[in-house]
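The structure appears right after this line, and notes come after that.
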2 protein chains.
Amino acid sequence: MSSTSYGIGLAGCGTVGTGVIRALHRNGALIQQRSGSEMQLEVKRILVRDLDKSRHETVAPALLTTDWQSLVDDPEIAIVVELIGGTGLAYDIVARALTLGKPVVTGNKALLAERGTELFALSKIHNTPIHFEAAVAGGIPIIKTVQEAFIGNRIKAMCGIINGTSNYILQRMSEARLDFATALQEAQSLGYAEADPTLDVNGWDAAHKAILLATLAYGFPISPTEIHVVGIEQVKPIDIDFAKQLGYVVKLLAVIREHDDDAIELRLQPSFVSKSHILASVNGVFNAVAVNGDGVGESLFYGRGAGEDPTASAVVADLVEAARSLAHELPHRGFLPWGKQGRLLPIEETSTAYYVRFDVTDRPGVVAEIATVLAEHRIGISGTHSPVNPENPDAAFVDMVFLLHSCPFGLLQKALQKIAHLDCVNSAPVVFRIEQL
Amino acid sequence: MSSTSYGIGLAGCGTVGTGVIRALHRNGALIQQRSGSEMQLEVKRILVRDLDKSRHETVAPALLTTDWQSLVDDPEIAIVVELIGGTGLAYDIVARALTLGKPVVTGNKALLAERGTELFALSKIHNTPIHFEAAVAGGIPIIKTVQEAFIGNRIKAMCGIINGTSNYILQRMSEARLDFATALQEAQSLGYAEADPTLDVNGWDAAHKAILLATLAYGFPISPTEIHVVGIEQVKPIDIDFAKQLGYVVKLLAVIREHDDDAIELRLQPSFVSKSHILASVNGVFNAVAVNGDGVGESLFYGRGAGEDPTASAVVADLVEAARSLAHELPHRGFLPWGKQGRLLPIEETSTAYYVRFDVTDRPGVVAEIATVLAEHRIGISGTHSPVNPENPDAAFVDMVFLLHSCPFGLLQKALQKIAHLDCVNSAPVVFRIEQL
């Protein structure tokens, strides 16, 4: 077998980019052996913003450039790795590479979720694949699993914890009774949250990943503007405490589910998960995705979601696939759209059980008044609790928690609007979904 | 895109074979859409032993044959699926198909573990792949994960529960305090164990799978005669009870681990697993494999290990890969050997902590006598217990459990041989490894 070398243009040399260089350096020979070919993957150019920044010793200064177009166009570059993030320059780089017939490897979930329709159309026209395992849960090959291993399945549901930063913050809020701001600060000081943690804590990092998973499973483009996303910024220690007392854990959960009429439910929010469910045990910066297919039944995949080495591992696997696709003129595996036009279920029509906490005046009749409005809307109550708030045990205003049977979210919203007008209710209620997984 | 049809020859039409026919029937259109091609997978011939047996309605009688050679040689057959099991006729079918350049899909772990070296050599000579995702944990794409997704990793360890039948039996022995024979009978009546459960309960079904995983990760052929395999037939309810009292669960565990000097540890036995470890929660007929790679770190994959639909799902995914390899003249991905000659660590050199139960005469001095022999062998004791045996609380002969610090198994064996000669010890000691996962 003759040795073929594939030149790699690496756009971006931050944590993950450096990880890719180090992984190829450390395991290059092993990768050749394990791929059963003499394939050599060699980083030939590296796009950076600042040529003078100090870098890891494996990053050869001679390869650095600040000119993205010369990198992509360089005839020595066969595969382009995009790791700069964002949806502007990253788009230009990916689009240009596809136009030149150079396979792309990217970990950019925002780019694919926001502008994937355009890019996958280019991929199809130029018969050049985009590989993006690194975009969702780096240490878990969930893209490959859904797209290849479960190709014979109708995917019934996927539920997961796919943002390690917010999972870490929620865990610390729970175990150390920290408030959100303090837990976030801690995560930043440990390097688990970036200097700008906006997309992690507002849910959009996870939402972008969920869009990719749903598009893979159901084959129609989903616009970020259509989906329901709630982050963890508004989660209060008091609700985490109450959740614990009731046998639940609060997790930022992506829920994707196919309904009988082919409508797809897709939502992202902090949810109550039963302590006994395996997802409740996913701690720290780990990710997990549960997949239910009509053939495989229940399955679950667990691993590190981010970080230098796990994400680099996904990029390297995609580089091997990209080289294989060049060697054998493989087409892309089909991403979107692959057939049917799909329909998202409006959030008002999605049903779960709920935890609703009201801040009420502590007087007789409160439960009856709230329960009456719920009854008028035909929403069942599975329990009411007035948990002890350890910070304020003797207050005149108390927390009253209602646990509600499953009903459409829109119906709950209507009932809550009416309840808000009761004079015993002092502020907007706090709502968490209770997931049946 | 023009539509290409790939004729499938299905050797074997039992549970899994029928599942494959049904899955292609149910999800054929979806598979075409999801694969991004007009690929059609069509079962054209089916090898059976008995033409007259009653079969599922989707199995067309006209396709049945009892002549394996005419099936494999049929020019309409492009891909051969081997699901008959065993290492005799199955070998002939697979070898013939490879010789004809027809990709093979198989779920036959015994065949690949026992005769894989010959078959993968044929695969290489004829540049025709063998796909075998269905051979290990049908509902978990662990082959694809190790071979493709983690190709950039040095695999440090894999530990798993990869035989659902014995996992179910151990769970029932634990929760219902059944003895082995009764639990096995129950598993058979529920269809979780076959009429001949030998390979499930003696550990060899799991051992064959472990050999495949280790060979994928480390690239050298491993002979079944070289590895240490203990089944669950000798597990007693009393040890399961004592495990519980000590905070452990008994699981039939495959342990594969790379040591610093490149030697590979590979063993299969019922082991103590801490109740708090995620593998302790894998119940019923589910499988789970924990993988530790130098890039991805810790990860875990969980799903159904066997059964009609999960295994058929793996076969269908491999059929898509096989068709892809035909369409694009893809070589096999490299299985074995891919380079280095490896070395298995002799079982005597493998170290764990241990649980050892002695049947002793209940008199003063017993602990001292046993402890003295252990001290002579420099084996540390982390605790001794004389747990109450609920079946025999006032016996003159009692169970004395020693929990031992990690030491090489060979050293433990020497100490136990000496202890066996003490007159206070009445029978051969019972040993379980306590795994540090």
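Across the range B:161-219, which residue is farthest from A:Gly36 (Cα to Cα) among those that are small (Gly, Ala, Ser) and free of Cβ contacts under 8 Å to residues at least 12 places away in the same chain?
B:Ala176
Any residue that is in contact with a strand residue (DSSP E or B) (Cβ under 7 Å, 6 or more places away or on another chain), away from chain B (no Cβ under 14 Å) and within 30 Å of B:Ser313 (Cα to Cα) - is there at least one of those in the range A:163-178?
Yes, the range A:163-178 has at least one match.
Do any strands (runs of 3 or more DSSP E) entirely within the range A:328-437 hold 3 or more residues that are of a type in the set (Ser, Thr, Tyr) and modelled with pLDDT of 95 or more, and if so, which?
Ranges flagged: A:351-361.
Do we find that B:Arg22 is within 14 Å of another protein chain (Cβ to nearest Cβ), among the basic types (Lys, Arg), out of contact with any strand residue (DSSP E or B) (no Cβ under 7 Å at 6 or more places or on another chain) and not in a strand (DSSP E or B) in this structure?
yes
Scan the range A:1-14 residue by residue and report those that are closer than 20 Å to A:Leu71 by Cα and not aromatic (Phe, Trp, Tyr).
Within the range A:1-14, A:Ser5, A:Gly7, A:Ile8, A:Gly9, A:Leu10, A:Ala11, A:Gly12, A:Cys13, A:Gly14 meet the criteria.
Kindly indicate whether A:Val72 is outside any loop (DSSP other than H, G, I, E, B) and closer than 18 Å to A:Glu133 by Cα.
no
Listed residues A:Glu321, A:Glu258; which is over 19 Å from B:Ala149 (Cβ atoms) and of a type in the set (Asp, Glu)?
Answer to the check: A:Glu258.
Being in a helix (DSSP H, G or I) and without any contact (Cβ under 8 Å) to a residue 60 or more places away in the chain is the requirement here; does B:Leu51 meet it?
The answer is no for B:Leu51.
Within the group B:Ile31, B:Ile8, which residue is in a strand (DSSP E or B) and β-branched (Val, Ile, Thr)?
Sole residue among the options that is in a strand (DSSP E or B) and β-branched (Val, Ile, Thr): B:Ile8.
If you check B:Tyr192, B:Tyr168, which single one turns out to be of a type in the set (Phe, Trp, Tyr), touching a Gly at 6+ places or on another chain (Cβ under 6 Å) and outside the structural domain of B:Ala113 (by TED's automatic domain parsing)?
Every option except B:Tyr168 fails the conditions.
Looking only at the range B:267-326, filter to residues that are among the polar types (S, T, N, Q) and farther than 11 Å from B:Ile161 by Cβ; which one of those is surrounded by the fewest Cβ atoms within 10 Å (Cβ to Cβ)?
Per the criteria, the residue is B:Ser276.
Of the conditions (1) more than 20 Å from B:Ile222 (Cα to Cα); (2) modelled with pLDDT of 95 or more; (3) within 14 Å of chain A (Cβ to nearest Cβ), B:Gly138 clears all except one; give me its number.
Condition not satisfied by B:Gly138: (2).
Residue by residue, here is whether (1) of a type in the set (D, E, K, R); (2) without any contact (Cβ under 8 Å) to a residue 12 or more places away in the chain; (3) surrounded by 17 or more Cβ atoms within 10 Å (Cβ to Cβ); (4) within 13 Å of another protein chain (Cβ to nearest Cβ) holds:
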| site | (1), (2), (3), (4) |
| --- | --- |
| B:Leu71 | no, no, yes, no |
| B:Ile79 | no, no, yes, no |
| B:Gly86 | no, no, no, no |
| B:Gly107 | no, no, yes, no |
| B:Glu118 | yes, no, no, no |
| B:Ala134 | no, no, yes, yes |
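Would the range A:171-185 turn up any residue that is over 23 Å from A:Tyr248 (Cα atoms), assigned by TED's automatic domain parsing to the domain that holds A:Ile238 and surrounded by fewer than 24 Cβ atoms within 10 Å (Cβ to Cβ)?
Yes, the range A:171-185 has at least one match.
Do we have B:Glu118 as of a type in the set (D, E, K, R) and under 30 Å from B:Ala95 (Cβ atoms) here?
yes
With respect to A:Gly305, is the statement that it is within 24 Å of B:Val320 (Cβ to Cβ) and either among the β-branched types (Val, Ile, Thr) or touching a residue at least 12 places away in the same chain (Cβ under 8 Å) (or both) true?
The answer is no for A:Gly305.
Spot the failing condition for B:Gly17; the list is (1) in a loop (DSSP other than H, G, I, E, B); (2) crowded, with 19+ Cβ neighbours inside 10 Å, and only one is missed.
In the conditions (1) in a loop (DSSP other than H, G, I, E, B); (2) crowded, with 19+ Cβ neighbours inside 10 Å, B:Gly17 misses (1) alone.
Restricting to the range A:34-48, what's the tally of residues that are in a strand (DSSP E or B) and crowded, with 21+ Cβ neighbours inside 10 Å?
5
Within the bounds of the range B:280-294, is there any residue that is under 23 Å from A:Arg34 (Cβ atoms), more than 9 Å from every other protein chain (Cβ to nearest Cβ) and of a type in the set (S, T, N, Q)?
yes
Each row is one residue, and each column tells you yes or no for (1) over 24 Å from A:Lys144 (Cβ atoms); (2) at pLDDT below 95; (3) in the same structural domain as B:Ala207 (by TED's automatic domain parsing).
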site: B:Leu10; (1), (2), (3): yes, no, no
site: B:Val20; (1), (2), (3): no, no, no
site: B:Ala23; (1), (2), (3): no, no, no
site: B:Gly36; (1), (2), (3): no, yes, no
site: B:Leu47; (1), (2), (3): yes, no, no
site: B:Lys53; (1), (2), (3): yes, yes, no
site: B:Val59; (1), (2), (3): yes, yes, no
site: B:Ser70; (1), (2), (3): yes, no, no
site: B:Asp74; (1), (2), (3): yes, no, no
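I'm checking my understanding of the structure. Among residues of the range B:310-329 that are at the interface with another protein chain (Cβ under 7 Å from one of its Cβ atoms) and among the β-branched types (Val, Ile, Thr), which one is farthest from the chain's Cα centre (by Cα)?
Among residues in the range B:310-329 that are at the interface with another protein chain (Cβ under 7 Å from one of its Cβ atoms) and among the β-branched types (Val, Ile, Thr), the one farthest from the chain's Cα centre (by Cα) is B:Val320.
The values are calculated or read from the model by the stated rules, or taken from the named source; none is laboratory data. Everything numeric here is computed off the predicted structure, so don't read it as measured data. So basically every Cβ, Gly included, is an ideal-geometry build from the backbone, and we count neighbours across all protein chains shown.
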